[in-house]
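Reading through the structure tokens given below for one structure.
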Amino acid sequence: MSVDLEQFHQVFFEESFEGLDIMETGLMELDLGAANSEDINTIFRAAHSIKGGSGTFGFQGIADFTHVMETLLDEMRDGRRQVTREAVDSLLKSVDILRMMMNCEQDKSDPDTDTIKRQLTELEAILGTSSGGGEVAAETTSSSSTSSGAGWNIVFEPDANMMLTGNDPLRIIRELAELGEIEVNTHQEKLPVFSALEPENCYLSWDIILHGDIAESVIKDVFLWVEDECKLTLTPIVNESAQPVAEEAKSEATQPVKAAATTKAPAGDNKKAANAGSSSIRVSIDKIDDLINMVGELVITQSMLSLLGEDFTMENLEKLQDGLGQLERHTREMQESVMMIRMLPISFSFSRFPRLVRDLSTQMGKKIDLVMSGENTEIDKTLIEKIGDPLVHLVRNSLDHGIEMPADRIAAGKNETGTINLNAYHKGGNIVIEITDDGKGIDPDAVLNKAIEKGLVPPGANLSNQQINELIFQAGFSTAKEITDVSGRGVGMDVVRKNIASLGGAVEIQSEFGKGSTFTIRLPLTLAILDGQTVIVGDEIYIIPLVSIVESIQINSDMINKVAGKGETFKLRDEYIPIVRLSSVFGIENAKAKELEDGLLVVVEADRKPCGLFIDDLLGQQQVVIKSLEQNYHRVDGVSGATILGDGSVALILDIPGLLRMSVKH
Amino acid sequence: MKNAEAVVEEINERIDNAQQQDGDEYLTFRLANEEYGFDILRVQEIRGWEKVTRIPNSLNYVKGVLNLRGAIVPIMDLRIRFDLPQAEYTPTTVVVVLSVMSVNGTKERIVGVVVDAISDVVNAKTSDIQSTPNFDASIEIEYIQGLATAGDKMLMLVDVDKLLNIEEDVSLLDSEDHEDDD
């Protein structure tokens, strides 16, 4: 009985959240009026598992709530009830509420009981037959809050073989004693004479009086494991003081609601902390098997090499080289398979969009089809989590600013229903996500005027359409004529671009006025490994991420210009580019190249601004594994992390945008 | 050199033994002819000095970072930390790798410190440890948790968490930076 159920909570929550996702997806796909019973069954099963799980783990509120949903789904499944839009909407809302309740349980905070009650009432109203639904609701409230102020009379008669299943009545009674003061009366009548006594049987039964204000469900929990192996009768003790106690209970019941309202904000923070603390990943068994195979081969190679090393002669040199080659291959393959474990299909991120588009388009009175492709493209788990918000922003943007109202669309000679395409695919070492809409596109004149008005562009500037489109990524830019709930709060595309850049990616826009826009997001496949260029300054080795490098050049003195006698710039194809000396930003004293002609300039780009980073020499390109400096030390300006080179020494990875910011300070 | 390695090995062994028994054992080390002691339970290992990767614009006593079996570990010079005259790194110069708890006790970090040489492992009963007297104000006594006697020498017992709590110094560094900006 004293099994610590808490250790399974995390698994339960994860499974339940998955179940909720299944329910949500299932509900979205239901054909109104002519729903396939198998589809409903899938939703029903998900709900049923959640109900079962939450009951087992003592989340009574969730179990009761799901029960009502289940009743509704059951009737739909059996064809006793039509699948109406109203019902589906309400079920979707219930899924949201369940998710909220589950989050609250996870953070151990109080759920918003008002919303839950309102939703329960709504569900019951749909159930209509308030005999069915109402009863459940009554049960719900009664079972979770029934408590008798004075206590309980418990008659506990274990079956003779209860102890054979490992349940000890004494422990159960002890647990009851922890709930409140108890009086135990043991019945020994069934005890046989000693010669007939089977030591493994239980002959005793108990009358237990438990004092205190204890909910029935709490007591039932104690007997959870032995329910089927005993006779159990619970009767509340009624005494004269029951009336005031009940009232007291009522006032207590209202208080937590208020508390819940005030603690709502911190609860959100808790959630973040909890999620950051422990998250797990589901990996397909194939990937694990691959990995185990690889480890097996690695072990074989290792034993071969150590055998070879025991008495090594030069004749075996070739064998040794072979072995080392094998080792290298296995190591690389293993690295790849380990990385694969972190890869998840991007559908984890895409799956929320059908719901979002459905809800928002209804709210705005637009007709929109969402078409998704490439959902199985795999991407690092960390990236999936981090790309979610920028993606939502872009999709909302397309919904709000892109797609026109149905009437406008017809007037423009387009199909009444707009289309938003979400597409993901691999290209080179990157993953590309495209968000395309066939809406009104970007009006270059409106954008330019707005930019001039906001002082982002000098009046009379002559910009190409592409340059104008880029303007929407500027901070403080929003062309929405009126601020809507959906987008247009002025914090927008610049934040999106910044977030994506912080993941090592880039976002671009293509738009044709009147025809639609495409946003293209390019992201590295993983955050754990990057392609780097090793460079040397003095005797220190640094890594520059390849994505930031435009080119590397050697310059002669006639390309160099000084601004105000100090700031060095050089002219590259009609563009003046500032020069940053890594040695001076990082205070490296023994740099070999003192004059700009002696070293190399690596032209890097950060926030679309080029800059020449002056170093001694380039060494080579290699993939590096990113290690955190913060784990044992703290963040260092201009450095995004560290890596370990082939000789075991540590090299720092440069954070190009940070470095350029630092150079401005210097 | 051979000798130094043997000493390191022997002491590493004694650390392992000490970690199995309970008691107040301290790893003692020398720094500018003074004897100091670390709580031995905080000591992870002792390594010879090897070249580290410098960290740009860091605190002066942070020598750099080292690869310790895949983890990036900062290495600090205790002489600079204690404002003692700097010494050449010799073959007996060692790095003591310590585990440091953050102020609120939630995060454990691994930090290496450079000391002149390690001496011994001594047993000091709690009753033998004297609280730190008030020195001249120029000596930062907050890092010393107490005094003990080893043989005929005085031993200063270092409070590892206070000494190596770099967060405070880092924030100091940041504020200096801002002053520069102004």
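Computed from the coordinates by the stated procedures, all read-outs in this text should not be read as laboratory data. Please read all numbers here as calculations on a predicted model, not as lab measurements. Using ideal geometry, Cβ is built from the backbone for each residue, glycine included, and neighbour counts are taken over all protein chains shown.
Can you pull the one-decimal nm distance between simple spin-label points at A:I209 and A:D96, each 7 Å off the Cα toward Cβ?
About 5.2 nm separates the two model spin labels.
Provide Rg over Rh for segment A:345-524; use the alpha carbon set for both Rg and the Kirkwood Rh (inverse mean inverse pair distance).
0.96
In nm, to one decimal, how far is the A:E18 label point from the A:I452 one, both placed 7 Å along Cα→Cβ?
5.8 nm
How large is the convex hull of the C-alpha atoms of segment A:529-665 per residue, in Å³?
115 Å³
What is the mean number of Cβ atoms from other protein chains located within 10 Å of the Cβ atom of each residue in peptide B:67-73, rounded to a whole number?
Per residue, the number of nearby Cβ atoms from other chains is 6 on average.
Output the relative contact order of chain A, whole-number percent, from Cα pairs under 8 angstrom with separation of 6+ residues.
7 percent
Can you give the charge dipole size of segment B:63-131 about its Cα centre, rounded to the nearest 20 debye, using +1 on the beta carbon of Lys and Arg and -1 on the beta carbon of Asp and Glu?
Taking the Cα centre of segment B:63-131 as origin, the dipole is about 320 debye.
May I ask for the net charge around A:S557, where only other residues with Cβ less than 15 Å from the Cβ of A:S557 are counted and Lys, Arg are +1 while Asp, Glu are -1?
Charge balance near A:S557 sits at -2.
At 7 Å along the Cα-to-beta-carbon direction for both A:L170 and A:Q335, put a label point, then send me their distance in nm to one decimal.
That separation, rounded to one decimal, is 6.0 nm.
What number does chain A give for Rg over Rh if you use C-alpha atoms and the Kirkwood radius?
1.07
Could you list A:V226, B:V94 so that the one with the fewest beta carbons within 10 Å of its beta carbon is first and the one with the most is last?
So the residues, fewest neighbours to most, are A:V226, B:V94.
Taking only DSSP H segments of four or more residues, each worth -39500 (n - 2.57), what value at 222 nm results for chain A once the sum is divided by all its residues, to the nearest 500 deg cm²/dmol?
Calculated mean residue ellipticity at 222 nm is -14500 deg cm²/dmol.
Put one equal scatterer on each alpha carbon of segment A:285-341, apply the Debye formula with no solvent term, and list log10 I(q)/I(0) at q = 0.22, 0.25 1/Å to two decimals.
-0.79, -0.91
At a Förster distance of 25 Å, what's the computed FRET efficiency of A:R608 paired with A:R352, Cβ-Cβ distance as r, to 0.05?
0.25
In peptide A:644-651, what is the residue-averaged number of other protein chain Cβ atoms found within 10 Å of each Cβ?
Per-residue shielding by partner chains comes out at 4.
List the residues, sorted by chain then number, that are 5 or more residues from A:I626 or on another chain and whose placed amide H is less than 5 Å from its amide H.
A:I529, A:L530
Going by C-beta contacts inside 10 Å, put A:T520, A:T526 in order with the fewest on the left.
Ordered by Cβ neighbours within 10 Å, fewest first: A:T520, A:T526.
Using R₀ = 22 Å, calculate the FRET efficiency as 1/(1 + (r/R₀)^6) where r is the Cβ-Cβ separation of A:D558 and A:K594; round to 0.05.
According to the calculation, E is roughly 0.75.
B:D116: net charge of surrounding residues, Cβ under 12 Å, Lys/Arg +1, Asp/Glu -1, itself excluded?
Around B:D116, the surrounding residues sum to -2.
Test of understanding: what is the full-extension gain from A:L191 to A:N465, defined as 0.36 nm times their sequence separation minus their Cα-Cα distance?
Working it through step by step, the gained length comes to 89.1 nm.
Amide H of A:S109: which non-local residues (sequence gap of 5 or more, or other chain) have their own amide H closer than 5 Å, using H built in the peptide plane?
Residues meeting the amide H criterion: none.
Starting at 0 and stepping by 10 Å, how many percent of the alpha carbon pairs of segment A:6-145 end up in each bin?
All Cα pairs, binned at 10 Å, distribute as 12, 47, 34, 8, 0 percent.
Taking R0 as 56 Å, what's the FRET efficiency between A:D89 and A:E178 from their Cβ-Cβ distance, rounded to 0.05?
Efficiency, from the Cβ-Cβ distance: 0.80.
Using modelled amide H (1.01 Å from N, peptide plane; none on Pro or chain starts), what sits under 5 Å from the amide H of A:V580, excluding residues fewer than 5 places away?
Here A:G612, A:L613, A:F614 satisfy the definition.
Quick one: order A:L525, A:L224 by neighbouring beta-carbon count within 10 Å, fewest to most.
Taking fewest neighbouring Cβ atoms as first place, the list is A:L224, A:L525.
Considering only DSSP states other than H, G, I, E and B, which chymotrypsin sites (Phe, Trp or Tyr not before Pro) in segment A:558-655 qualify as loop sites with at most 16 other Cβ atoms within 10 Å?
Filter output for segment A:558-655: empty list.
With a cut-off of at most 15 other beta carbons within 10 Å, and DSSP calling the residue loop, which chymotrypsin sites (Phe, Trp or Tyr not before Pro) in segment A:309-412 qualify? Please list them.
A:F312
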